[in-house]
Amino acid sequence: MRNTTHRIQANGLTHFIRDSGDETAPTAILLHGFPDTSEIWAAMTPKLTAAEFRIIAPDLRGFGESDMAARKADYDINAGAIPDILEIMGVLNIDRAHIVGHDFGAPVAWSLAAQYPERFTTLAALSVGHPRAYLRAGPQQLKMSWYILFHQLRGVCEAAYRFNDWMFLRRHWTAHADIDTVIANLNRPGRLTAGLNWYRANLSLARMVRPPKPGAFGEETVRIPTLGLWSDGEKYLTERQMKLSKDYVEAPWRYQRITGASHWIPSDKPSECAEALIDHWRATP
């Protein structure tokens, strides 16, 4: 089975892309989150390509081997990530694809699916529900989201994470399957700040407690078939925020609870996650 990589110029940056499977097969684009790279999909990819899908997995801007953008504002999802993905699709001659997102990749996927339904066949959101459902999920979700506010403290947050061989991060992400590789990636010059800028450009205390402005990120309704996956070992996101997402989908909606997995569903339960995606994709011609 074909496995290759690309370095693609898109939206002013060079993006690293993993490309697996038959080029003529239906395509799925898989978007990772913080603090990961496209490597998080590696355990799932063989099963997905064996099911006759082409898998495109980019390192999102600022992560992995993709370029870092210069300013915090460059990490705004509407200004940065969405045109990144659309331009990558153009370079690879992909007219339409299934879109999948985990962690911060999920809000990107929700927005792409809502804004460009003609370009995407289905949506699958792992761990993170629709942005408005997340904000409606109540006090327990706010309590679990304390780290988002911590991530706003530029300089302070970076120093705290690096202190004593990344002790705080190691304690915070005990469930991650390969924390040493994550730390090695984030320890490169500028990379930790680049990853944190995703939070600083898109999430804030004001956004979490005030009514959104018209046209703001995450306000759109999705009109393509959507799958929500949430895991019972999730430490950062409530099940409620995923289940509430159905209110923002005007198309077939399916929710699936993955048991025995932490927040990192793709690496903890790759076979079960892959099977759920394949069933979802095959249900929509």
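Numerical summary
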item	result
Residues of the stretch 229-285 satisfying the condition of being assigned to a loop (DSSP other than H, G, I, E, B), among the aliphatic types (A, V, I, L, M) and surrounded by fewer than 21 Cβ atoms within 10 Å (Cβ to Cβ)	Ala251, Ala283
Scope the stretch 152-168; condition within 22 Å of the chain's Cα centre (by Cα) and buried (at least 20 other Cβ atoms within 10 Å of the Cβ); matching residues	Cys157, Tyr161
Filter pass, Leu169 being touching a helix residue (DSSP H, G or I) at 6+ places or on another chain (Cβ under 7 Å), of a type in the set (A, V, I, L, M) and modelled with pLDDT of 95 or more	no
Hits in the stretch 100-139 - residues which are in a loop (DSSP other than H, G, I, E, B) and under 21 Å from Ile278 (Cα atoms)	Asp103, Pro117, Glu118, Arg119, Ser127, Val128, Gly129
When residues of the stretch 7-17 are limited to those that are without any contact (Cβ under 8 Å) to a residue 60 or more places away in the chain and not β-branched (Val, Ile, Thr), the one farthest from Ser66 (Cα to Cα)	Gly12
Test for Ser20: is it buried (at least 20 other Cβ atoms within 10 Å of the Cβ), touching a His at 6+ places or on another chain (Cβ under 7 Å), modelled with pLDDT of 95 or more and not aromatic (Phe, Trp, Tyr)	no
Among the residues listed as Thr193, Thr174, the single one being over 30 Å from Ala251 (Cβ atoms) and either in contact with a strand residue (DSSP E or B) (Cβ under 8 Å, 6 or more places away or on another chain) or at pLDDT 95 or above (or both)	Thr193
Pairs, first at positive phi and surrounded by 14 or more Cβ atoms within 10 Å (Cβ to Cβ) in the stretch 177-190, second in a loop (DSSP other than H, G, I, E, B) and not polar (S, T, N, Q), C-beta under 6 Å, six or more apart	none
Filtered residues of the stretch 209-265 (kept if at pLDDT 95 or above, within 22 Å of Pro117 (Cα to Cα) and small (Gly, Ala, Ser))	Gly228, Ser245, Ala251
Residue within the stretch 97-104 that is over 11 Å from the mean Cα position of the chain (by Cα) and modelled with pLDDT of 95 or more present	yes
Every residue from the stretch 69-92 that is over 13 Å from Ile29 (Cα atoms) and either β-branched (Val, Ile, Thr) or assigned to a loop (DSSP other than H, G, I, E, B) (or both)	Ala69, Ala70, Arg71, Asp76, Ile77, Val91
Selected residue (only one of Ser111, Ser20 is touching a residue at least 24 places away in the same chain (Cβ under 8 Å) and more than 17 Å from the chain's Cα centre (by Cα))	Ser20
Residues of the stretch 216-240 classified as in contact with a His (Cβ under 8 Å, 6 or more places away or on another chain) and not aliphatic (A, V, I, L, M), total	7
Residues (closer than 19 Å to Leu92 by Cα and of a type in the set (Gly, Ala, Ser)) located in the stretch 45-60	Ala57
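The values are calculated or read from the model by the stated rules, or taken from the named source; none is laboratory data. Computed from a predicted model, the values in this text were never measured in an experiment. Note that we place each Cβ from the backbone using ideal geometry, even for glycine, and neighbour counts take in every protein chain shown.
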